[in-house]
Amino acid sequence: MDTRYIFVTGGVVSSLGKGIISSSLARLLLSRGFKVTIQKFDPYINIDPGTLNPYEHGECYVTVDGHEADLDLGHYERFTNIKTSRANNITTGRIYQTVIDKERRGDYLGKTVQIVPHITDEIKRNVKLLGSTGDYDFVITEIGGTVGDIESLPYIEAVRQLRWELGSKCVCIHLTYVPYIRAAAELKTKPTQHSVKMLQQEGIQPDILVLRTEKDLPAPMRRKVALFCNVSPDAVIQSIDVPSIYQVPLNMHEQRLDDIVLEKTGTPSQGEPDLDKWNHFLNMMQSATDEVRVGLVGKYVQLQDAYKSIDESLFQACTYHGRKLKLTYINSEKVNDGNVDELLSPHDAILVAPGFGQRGTEGKFVALRWCREHKKPTLGICLGMQCMVIEFARNVLHLDDANSVEMDPKTQHNVIDLMEEQKSVTNMGGTMRLGAYACRLKQGSSTARAYGVLNIEERHRHRFEFNDEYRKAFEDAGMKCVGENPETRLVEVVELENHPWYIGVQFHPEYSSTVLNPHPLFMDFIRAAIDEQNKQ
Ligand code: GLN
C-alpha cells in the first residue's frame with residue numbers, strides 16, 4: 001500500500017506530549033499489523049541536540065547509526081520496539097546546512113534561494129525520505145515547537161503543501177491544552193480554538209484534535225470544540241492525565257484514534273490491534289506493590305528529563321520483576337564522606353550516571369567507594385564506569401592522583417585517557433565516539449551471565465576510554481575487564497570480583513531498553529537489588 005503520512009502539531013503550550021501521542025498511535029498501528037515509523041522535526045538551528053546541555057533540552061538520545069537525537073526518539077523506540085536512525089530526527093540547522101551546501105555547489109545557479117520554495121522543499125524531501133524506502137505503511141511526523149512560533153513556520157508551510165500533494169493519504173493531528181481554571185471551577189476551550197485558528201491561518205485544517213486535560217471533558221464541550229474548529233465530533237479526542245505514559249495507547253484506542261486515522265486515510269482495517277503483550281506489561285505495572293529502591297547518583301538531578309532513558313529502563317526492569325520502582329536522585333555534588341552512609345544505605349542498589357566535566361565527580365568517587373566496600377549492587381554507566389575505574393585506582397591501587405584526563409589533563413595516572421581517534425578532533429558537534437559498536441564479553445563473567453550471550457552490540461557517546469596500560473594492575477587487584485571491542489580491544493565493561501554486583505559499562509544500555517524488550521543488564525541489576533533487599 002502507498003505510504004500514509006500523519007502529521008502531529010502542537011498548540012497553546014509546549015510539553016504537552018506530542019511525542020507520547022505519536023508513539024501511542026504508532027504502537028496502535030503496529031499492533032494492527034502495519035509497518036510504522038516516527039520522525040521528529042526540531043525547529044532549532046543546532047545541527048543536532050548533542051551540543052545542548054541537559055538543563056536546556058533533557059537527555060540526549062543516541063541512535064544505532066550514531067546520531068545524537070532528541071529524547072522523543074527514545075519514546076519512539078520504547079513504544080514501538082523499532083530502532084530509529086539519523087533520518088528520524090531533523091533540525092532546522094540540518095535543513096539550512098543542506099540548502100546552503102547546495103547553493104555553494106551551484107545547484108541553484110541563477111536562482112535566488114528562499115525559504116519558500118527551497119527550505120520548504122528540503123523539509124518535504126526529508127518528510128518523504130523514510131516513506132520513499134517502501135518500508136513503511138505509515139510515517140508519523142512530529143513537528144516540534146508550538147504553532148505560531150516563528151521557528152516552526154517553514155515546517156507548517158511544508159505540511160500545508162504536502163497535504164495538497166498527498167490528498168487523502170495524509171492526516172493532520174493537532175494537540176492542544178484545555179486548562180482547568182480553579183477559581184472558576186471551569187475547563188476552558190478558548191486556547192484550543194485560538195490555536196486551531198492560528199493553524200488555519202497558516203493554511204492547515206486539522207483532521208483530528210487531541211486535547212490534553214487534567215479533568216474529563218464533557219461531551220457537549222467536545223462538540224463545541226468540533227463545531228468551532230471544523231472537526232467532526234468523534235475526531236475530538238481527550239488525552240486526560242494518566243499515571244503512566246504507557247497507558248496512553250489504550251486511552252487513545254478507547255476513543256478510536258487509530259480507527260479514525262485509518263478511516264481518514266482510506267486504509268482498510270486489518271482487525272483490532274493485538275495489545276496482549278502491552279496489556280501484560282500494564283497489568284504487571286498495576287499489580288506491583290513491593291518497591292525496589294534505587295539511588296541514582298548524578299549531577300543533573302534538578303531536571304526531570306536529564307536521565308530519561310535510565311529512568312525508563314529501571315522502571316521497565318522493575319515492572320517485569322513484579323516490583324514498583326522507587327527512584328531517588330542523589331546530587332553527586334552533595335555527597336561526601338560525612339553523609340554518604342545516610343544518603344546511600346536506604347537504597348537496594350545504586351546507579352552512577354553518565355556525564356561530562358569535573359563538577360560532581362568527587363561525590364561520585366565517594367559514593368562508589370562506599371558501594372564497593374559495602375557490597376551494594378552498583379551499575380556505572382559511561383562516566384559512571386570511568387569513575388569506578390578512577391576510584392579503584394585511587395583507593396585500591398593507591399594511585400592517589402589517578403584521574404581521567406577530562407578532569408585533570410596533567411594527572412600522572414591517566415587511568416581514563418582521551419581516545420586516540422579523538423586527539424585530532426577540534427569541533428565539538430557530532431565528533432564523539434557515537435552509535436552502536438560490537439563488544440565481546442568474557443565467558444563466566446557476571447556481565448555475560450546477565451546478557452546470556454557473549455557477543456553484544458551497544459550504543460556509545462564518549463571521548464575518553466579505559467587506559468589499557470593499566471589493565472593488568474586492575475585485573476590483578478580484582479577489577480576485571482570483562483568486555484572489549486573485538487577490533488580495537490577498547491575496554492567496554494569492568495566488574496569487581498568478590499562483590500555481589502558491581503558492573504561498569506562504557507556504553508549506554510539505557511538507549512535500547514523497551515517496553516516489550518526490557519534490557520538484560522537492567523533486568524539483572526534489579527534482580528541483584530531484590531536479592532540485596534531480601535538479605536536485609
Ligand atoms: N565524559 C565522558 C567521556 O566523554 C563520559 C561521557 C558520558 O558519560 N556519556 O568519555
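The values are calculated or read from the model by the stated rules, or taken from the named source; none is laboratory data. In this text the structure is predicted, and so the values were computed from the model without any measurement. Quick reminder, even Gly has a Cβ in these numbers, built from the backbone with ideal geometry, and neighbours come from all protein chains shown.
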Q. Conditions: (1) surrounded by fewer than 23 Cβ atoms within 10 Å (Cβ to Cβ); (2) touching a helix residue (DSSP H, G or I) at 6+ places or on another chain (Cβ under 9 Å). L73 meets all but one. Number of the miss?
A. (1)
Q.
When you scan region 31-42, do you find a residue that is surrounded by fewer than 17 Cβ atoms within 10 Å (Cβ to Cβ), out of contact with any Asp or Glu (no Cβ under 9 Å at 6 or more places or on another chain) and of a type outside the set (A, V, I, L, M, F, W, C), even just one?
A. no
Q) So how many residues does region 367-389 have that are surrounded by fewer than 24 Cβ atoms within 10 Å (Cβ to Cβ), more than 25 Å from the chain's Cα centre (by Cα) and either closer than 21 Å to A450 by Cα or in contact (Cβ under 8 Å) with a residue 12 or more places away in the chain (or both)? A) 5
Q | region 438-460 - residue that is surrounded by fewer than 19 Cβ atoms within 10 Å (Cβ to Cβ) and of a type outside the set (G, A, S) and, of those, nearest to the ligand (Cβ to nearest atom) | A | E457
Q) Would a scan of region 17-35 turn up a residue that is assigned to a strand (DSSP E or B) and of a type outside the set (S, T, Y)? A) no
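So that you can scan it fast, the table gives a plain yes or no per residue for (1) of a type in the set (S, T, Y); (2) touching a residue at least 24 places away in the same chain (Cβ under 8 Å); (3) outside any helix (DSSP H, G or I); (4) farther than 14 Å from Y5 by Cβ:
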| residue | (1), (2), (3), (4) |
| --- | --- |
| I140 | no, yes, yes, no |
| G145 | no, yes, yes, yes |
| D149 | no, yes, yes, yes |
| A158 | no, yes, no, no |
| G167 | no, no, no, no |
| Y177 | yes, yes, yes, yes |
| A184 | no, no, yes, yes |
| P191 | no, yes, no, yes |
| S195 | yes, yes, no, yes |
Q: Show the residue pairs that are 6+ apart or on different chains and have beta-carbon atoms under 8 Å apart, the first residue being within region 240-268 and closer than 20 Å to V515 by Cβ, the second being of a type in the set (D, E).
A: D241/E214; M252/D258
**Q.** Where a residue in region 455-466 is under 14 Å from P509 (Cβ atoms) and its partner, wherever it lies, is within 12 Å of the ligand (Cβ to nearest atom) and of a type in the set (S, T, Y), with Cβ under 7 Å and at least six apart
**A.** R459/Y511
Q: With the checklist (1) assigned to a helix (DSSP H, G or I); (2) buried (at least 20 other Cβ atoms within 10 Å of the Cβ) in hand, flag the one item D121 doesn't pass.
A: (2)
Q: May I ask you to list the residues in region 414-428 that are surrounded by fewer than 13 Cβ atoms within 10 Å (Cβ to Cβ) and touching a residue at least 40 places away in the same chain (Cβ under 8 Å)?
A: M428
Q) Can you name the residue in region 500-514 that is surrounded by 24 or more Cβ atoms within 10 Å (Cβ to Cβ), under 16 Å from the mean Cα position of the chain (by Cα) and assigned to a loop (DSSP other than H, G, I, E, B) and is also nearest to the ligand (Cβ to nearest atom) among such residues? A) F507
Q.
Looking at region 378-397, can you tell me whether even one residue there is of a type in the set (V, I, T), away from the ligand (no atom under 15 Å from the Cβ), more than 12 Å from L496 (Cβ to Cβ) and in a helix (DSSP H, G or I)?
A. no
**Q.** Subset of region 398-413 [within 16 Å of the ligand (Cβ to nearest atom) and closer than 19 Å to D476 by Cβ]
**A.** A402
**Q.** Which listed residue, of R433, R471, is within 13 Å of the ligand (Cβ to nearest atom), in contact with a strand residue (DSSP E or B) (Cβ under 6 Å, 6 or more places away or on another chain) and not hydrophobic (A, V, I, L, M, F, W, C)
**A.** R433
Q | Test result for S345, surrounded by fewer than 23 Cβ atoms within 10 Å (Cβ to Cβ), on the phi < 0 side of the Ramachandran plot and of a type in the set (G, A, S) | A | yes
Q) Condition test on R463, is it within 26 Å of the chain's Cα centre (by Cα), within 16 Å of the ligand (Cβ to nearest atom) and among the basic types (K, R)? A) yes
Q: Just need a number here: residues in region 349-372 that are within 11 Å of the ligand (Cβ to nearest atom) and in a loop (DSSP other than H, G, I, E, B).
A: 6
Q: Scan region 477-499 and give yes if some residue there is under 23 Å from the mean Cα position of the chain (by Cα), away from the ligand (no atom under 15 Å from the Cβ) and at pLDDT 95 or above, otherwise no.
A: no
Q: Collect the residues in region 199-238 that are in contact (Cβ under 8 Å) with a residue 40 or more places away in the chain, part of a loop (DSSP other than H, G, I, E, B) and not acidic (D, E), keeping them in residue-number order.
A: G203, I204, P206
